[in-house]
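Undergrad: I have a structure I would like to understand better, so I am pasting it below and will then ask my questions one at a time.
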Amino acid sequence: MSRTNKAVLEAANEAIRALDIEAFLAFCTDDIVWTAMGEQSLHGKAAVRGWMKKNYIEAPRFTVTELIGENDMVAALGVIDAADDQGRPVRHDYCDVWRFRDGKMAELRAFVVVSAQR
């Protein structure tokens with residue numbers, strides 16, 4: 001099952017890279033819970049759609065460096081390059097932990113921090 005869930009997440013990530021919010025949401029359960037740890041939780045596709053339309057003016061630039069799957073969970077680790085409020089580029093490290101149900105993404109716990117200077 002973890003191999004199938006990884007494939008679903010990879011396809012969903014491609015939809016995000018193409019800024020195709022509806023294609024991404026097709027991979028999610030209707031009652032998805034999307035939590036940015038330490039910030040907010042979104043409940044349901046409508047809330048996630050609204051957040052994405054507001055925050056994804058441009059397609060996010062991210063790279064998955066590791067994809068780990070076990071049972072109904074998939075963790076994606078990587079980097080996200082985005083602009084701050086002043087338009088300056090900022091690199092973030094992230095770990096998204098996804099729970100799947102019936103082949104769809106049902107829950108996200110997103111851990112995102114500004115990368116240390118390298």
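Throughout, read-outs are computed from the coordinates displayed, never taken from laboratory work. Here the structure is a predicted model, which means the values were calculated and not measured. All Cβ positions, glycine included, derive from the backbone under ideal geometry; neighbour counts span all protein chains shown.
Undergrad: Among the lysines, which have Cα under 23 Å from the Cα of residue 53 when same-chain residues fewer than 8 positions away are ignored?
TA: 45, 104
Undergrad: For segment 1-54, which GluC sites (Glu not before Pro) are both in a DSSP coil and crowded by at most 10 other Cβ atoms within 10 Å? Could the numbers behind the result be given before it?
TA: Working: sites: 10, 14, 22, 39; in loops: 39.
Passing sites in segment 1-54 are 39.
Undergrad: Mind pulling up the Rg/Rh value for the chain? Radius of gyration and Kirkwood radius, both on Cα.
TA: 0.95
Undergrad: Once you keep just the Cα pairs under 8 angstrom separated by 6 or more residues, what percentage relative contact order results for segment 1-85?
TA: Values: 99 pairs, mean separation 26.0, N = 85.
Relative CO of segment 1-85 lands at 31 percent.
Undergrad: Can you compute the modelled spin-label distance between residue 23 and residue 116, with each label point 7 Å from Cα toward Cβ, in nm?
TA: A separation of 3.7 nm, rounded to one decimal place.
Undergrad: Between residue 4 and residue 66, how high is the FRET efficiency from 1/(1 + (r/R0)^6) when r is the Cβ-Cβ distance and R₀ = 22 Å? Nearest 0.05.
TA: On the way: r = 18 Å, r/R0 = 0.83.
According to the calculation, E is roughly 0.75.
Undergrad: While we're here: Does a label point 7 Å from the Cα of residue 59, set along Cα-to-beta-carbon, have any residues of segment 13-43 with amide nitrogen under 15 Å, and which are they?
TA: Correct set: 13-25.
Undergrad: In whole Hz, with x marking every Gly and Pro, tabulate ³J(HN,Hα) for segment 36-49 from phi via Karplus 6.51 cos²θ - 1.76 cosθ + 1.60, θ = phi - 60°.
TA: With the stated coefficients, segment 36-49 comes to 8, 4, x, 10, 9, 10, 10, 10, x, 4, 4, 5, 5, 4 Hz.
Undergrad: Amide H of residue 115: which non-local residues (sequence gap of 5 or more, or other chain) have their own amide H closer than 5 Å, using H built in the peptide plane?
TA: Those qualifying (amide H under 5 Å, at least 5 residues apart or on another chain) are 91, 92, 93.
Undergrad: In deg cm²/dmol, rounded to 500, what helix-only [θ] at 222 nm does the chain give when every DSSP H run of at least 4 residues adds -39500 (n - 2.57) and the total is split over its residues? Could you put the intermediate results ahead of the total?
TA: On the way: 3 runs with 32 residues, N = 118.
About -8000 deg cm²/dmol.
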